[in-house]
Amino acid sequence: MSTTTSALDNSYASALGNAISSSTGGSELDRNAFLMLLVTQFQYQDPLNPMEDKEFIAQLAQFNALEQSMQTNENLQNLLAAQEKQTSISAANYLGREVSARGYGVSVENGSVSKLEYASDQEIAKAQANIIDSTNNVVATVDLGSLAAGSIGEVNWNGMYSNGGKAPDGVYTVAIVAWNANGDRVANIDTSVTGTVTGVSYYNGEHYLRLSDGRTVLLSNVREIVDPDVSGSNRGSISVSDGEATSIRYKVPSAMTTGTATISKGSTKVATVNLGTKASGTYDFTWNAQDADGETVADGIYTVTFEGKDSKGNSIKLTVLED
C-alpha cells in the first residue's frame, strides 16, 4: 500500500507542477492555475483516502472568492477607464477658452511678460518674486512690497535680467518669498495665471492644458473659465490703428486709492497704465499705444483689464461700460 501511495504522490506532484507551469509560466497563481490545481488534485487523489466533502467545499469556496475578487478588479478597471475617457472629453471642451488656474509660470514673448497674480490669507509686509529660467537659475528678482490679507497682488516683471540683459522668449518659473511684520516667513502664498487653452495632453495620470504662450496648467487646478463678454466684466477691448488707440469707459464703484489698466494681446501683457486715485464715478481710459519699453505697438485689437484697491488694500471691482 505504501508503494501505491508513494507512486500516486510522485505522479500527483509531477502533474501538479506541470499544471501550474503551463497556466502561469512559473509565476504567481491566477484563476486558471487554481482551477487546474483543483482538477489535478481530483485526478490524482488517493482512492484509499479520498478528499472529504468539507475539504472539497472549502476549496470551491476559495475558488469562488478568487473569481469574485478578479471580477471586482476588472469592473473597477473598466470604471476607471470610462472615467478617464470622460475626463479627456471634458478637457477638450477647454480648447479656445480663456481660463484662470493655479500656476506659477510667466511667459516672455517679444519682450512682453504674461500676468501672474498672488494672494495670501496673511498680511504680507515684504515680498519678492524670484524669476527662474529653464536651467533653474534665478535670473531676476522683483520687489513686490506689502499686501493686505485676502488681497490680490500682481507680479510685474519687465522681462529684464538682473544683470541688465533682456530675457529671451520662453516660459519662466516664479517663486515668491514673503515675510510678515514680525519678520516670519509667510508660507501659504497662492499664485494664479490666465491664458487661452490651445492644447490638451495626458501624462503620468494627469490631464494638462497648454496655453497659447507655451505654459501648461493642470486641469484639476482650473478655477474659472474667463469670459470677457460677461456683463459687468472688468475688461474690454480697444483697437489701435496707425499708432492711435481708441478709448474705453469704466466705472469705479467706490473711492479708489490705486488702480491699474493692464493692456494685453492674447495672453501676453503689453503694458500697464497707472490709473491713480479716483473717486466713485465713470471715467474714460485712453492709452498712448505704447508698450512697456515705450515702443509703438502694432495695429490690432487689445484687451484692457481694470483693477483697483481701496485705502485698506482691498480689491475694488471696476467694470467696463457699454458704449
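The values are calculated or read from the model by the stated rules, or taken from the named source; none is laboratory data. Predicted model only: the values in this text are computed from it and were never measured. Positions of Cβ are generated from backbone atoms using ideal geometry, with glycine treated the same way; all protein chains shown enter the neighbour counts. These accessible areas exclude ligands, DNA and RNA; they are computed on the full protein's heavy atoms, side chains included. Shrake-Rupley method; radii C 1.70, N 1.55, O 1.52, S 1.80 Å.
Data overview
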quantity	calculated
Among the residues listed as W157, W179, the single one being under 25 Å from S311 (Cα atoms), open to solvent by 30 Å² or more (accessible area, probe 1.4 Å), free of Cβ contacts under 8 Å to residues at least 60 places away in the same chain and out of contact with any Pro (no Cβ under 6 Å at 6 or more places or on another chain)	W179
Candidate set: segment 202-231, residues that are in contact with a Leu (Cβ under 8 Å, 6 or more places away or on another chain) and not hydrophobic (A, V, I, L, M, F, W, C); chosen: the one nearest to I152 (Cα to Cα)	T216
Pick from segment 98-141, criterion of a type in the set (D, E) and either surrounded by fewer than 17 Cβ atoms within 10 Å (Cβ to Cβ) or not in a strand (DSSP E or B) (or both), ranking: nearest to the chain's Cα centre (by Cα)	E117
Qualifying residue in segment 191-214 (condition: open to solvent by less than 40 Å² (accessible area, probe 1.4 Å) and outside any strand (DSSP E or B))	yes
Criterion violated by N156 - all others in (1) at pLDDT 90 or above; (2) closer than 21 Å to L211 by Cβ satisfied	(1)
Spans of strands (runs of 3 or more DSSP E) in segment 246-323 with at least 3 residues closer than 24 Å to D121 by Cβ and open to solvent by less than 60 Å² (accessible area, probe 1.4 Å)	300-309
